[in-house]
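These notes are about the structure you will find just below.
The values are calculated or read from the model by the stated rules, or taken from the named source; none is laboratory data. Quick caveat, the model's predicted, so the values are computed rather than measured. Heads up, the Cβs are rebuilt from the backbone with ideal geometry, glycines too, and the neighbour counts pull from every protein chain shown.
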Amino acid sequence: MTDHFERDLEARGGSWGMMSLGEDGGRILVIDEERATGDSLGLILQNGGYSVSVVYNADEALTETQTGGVDLVIADIRGPTVDSLEILRQIKQHDADIVVIMTTDYPTLETVIKAIRYDAYDYLIKPLEKADEVLAIVGEGLRKRQSLLASHRGDRESSPGDKVPSAQVHPTLKPIST
C-alpha cells in the first residue's frame, strides 16, 4: 500500500488537496502527526471517492476547519505535540455541526469519555486495517452532517409561526376552541 500511495502522492505533486466527492459528498480533513498513518488513511478515503486533505499539526488543522468547507474530521487523539481533544473542542466551538471521528493507538476510558464530552461522533482504534469499516463510519458521519445542515436550513426557511408541533392529536379528541 505504501508504494501505491507514494506513486499516487507524487502524481499529485507531493501534496494533499481536494479529491473527488464520495457518494455521501463532503470534504474530509485527516489530522495525524504520524505522516505514514495520516497518508494511509487519506489514501483509503481518496480511494473511497472522498474529497480529502491531510494535515500533520494543530495549526494547519485549525486553519483548514476555520476557512470553511470541512464536513468531517478524523483526528488522532494523542500525538507528540498535538492535543486533538483540544483541537476537537476548538473545532466544535467554531462549527458545532462538523462531525469528528477520533482515532487512537492507546484507547483508555478517560480518552473515550473526553471525546464524548467534546461531542466526537465516533472513536476508532488503530491500526485502521479494515478500509470498508472506516468508509462505512465516514459515510454514516457525513450523512449525520447532511442531516444536521438540512435541519438548520429547515429552521431558517420557516418562521416561528409556521412551525407545527410534533405531537399528534388523538383522532377521537376535539381541539379546544378559545
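For the range 51-93, the candidate set comprises residues that are in contact with a Lys or Arg (Cβ under 9 Å, 6 or more places away or on another chain) and β-branched (Val, Ile, Thr); within that set, the residue that is surrounded by the most Cβ atoms within 10 Å (Cβ to Cβ) is 54. Of the residues making up the range 38-64, those that are hydroxyl-bearing (Ser, Thr, Tyr) and either touching a residue at least 40 places away in the same chain (Cβ under 8 Å) or more than 21 Å from residue 86 (Cβ to Cβ) (or both) number 3.
Hey, does the range 103-112 have a residue that's buried (at least 21 other Cβ atoms within 10 Å of the Cβ), hydroxyl-bearing (Ser, Thr, Tyr), assigned to a loop (DSSP other than H, G, I, E, B) and touching a residue at least 12 places away in the same chain (Cβ under 8 Å)? Within the range 103-112 (the criterion being buried (at least 21 other Cβ atoms within 10 Å of the Cβ), hydroxyl-bearing (Ser, Thr, Tyr), assigned to a loop (DSSP other than H, G, I, E, B) and touching a residue at least 12 places away in the same chain (Cβ under 8 Å)), the answer is no, since none of the residues qualifies.
Considering 42, 38, 48, the condition of being modelled with pLDDT of 85 or more, over 29 Å from residue 152 (Cβ atoms), crowded, with 20+ Cβ neighbours inside 10 Å and of a type in the set (Gly, Ala, Ser) is satisfied by 38 alone.
If you go through the range 23-35 one residue at a time, how many are over 13 Å from the mean Cα position of the chain (by Cα) and surrounded by fewer than 21 Cβ atoms within 10 Å (Cβ to Cβ)?
Our first condition is that a residue be over 13 Å from the mean Cα position of the chain (by Cα); within the range 23-35, this holds for 23, 32-35.
Going one step further and asking which of them are surrounded by fewer than 21 Cβ atoms within 10 Å (Cβ to Cβ), we end up with 23, 33-35.
Of the residues in the range 23-35, 4 are over 13 Å from the mean Cα position of the chain (by Cα) and surrounded by fewer than 21 Cβ atoms within 10 Å (Cβ to Cβ).
Hey, does the range 78-88 have a residue that's at pLDDT 90 or above and of a type in the set (A, V, I, L, M, F, W, C)? No, every residue in the range 78-88 fails to be at pLDDT 90 or above and of a type in the set (A, V, I, L, M, F, W, C). Scanning the range 121-145 for residues that are at pLDDT 90 or above and either part of a loop (DSSP other than H, G, I, E, B) or among the hydroxyl-bearing types (Ser, Thr, Tyr) (or both) returns a single hit, 121. Checked against (1) part of a loop (DSSP other than H, G, I, E, B); (2) modelled with pLDDT of 85 or more; (3) surrounded by 13 or more Cβ atoms within 10 Å (Cβ to Cβ), residue 96 meets all criteria but (3).
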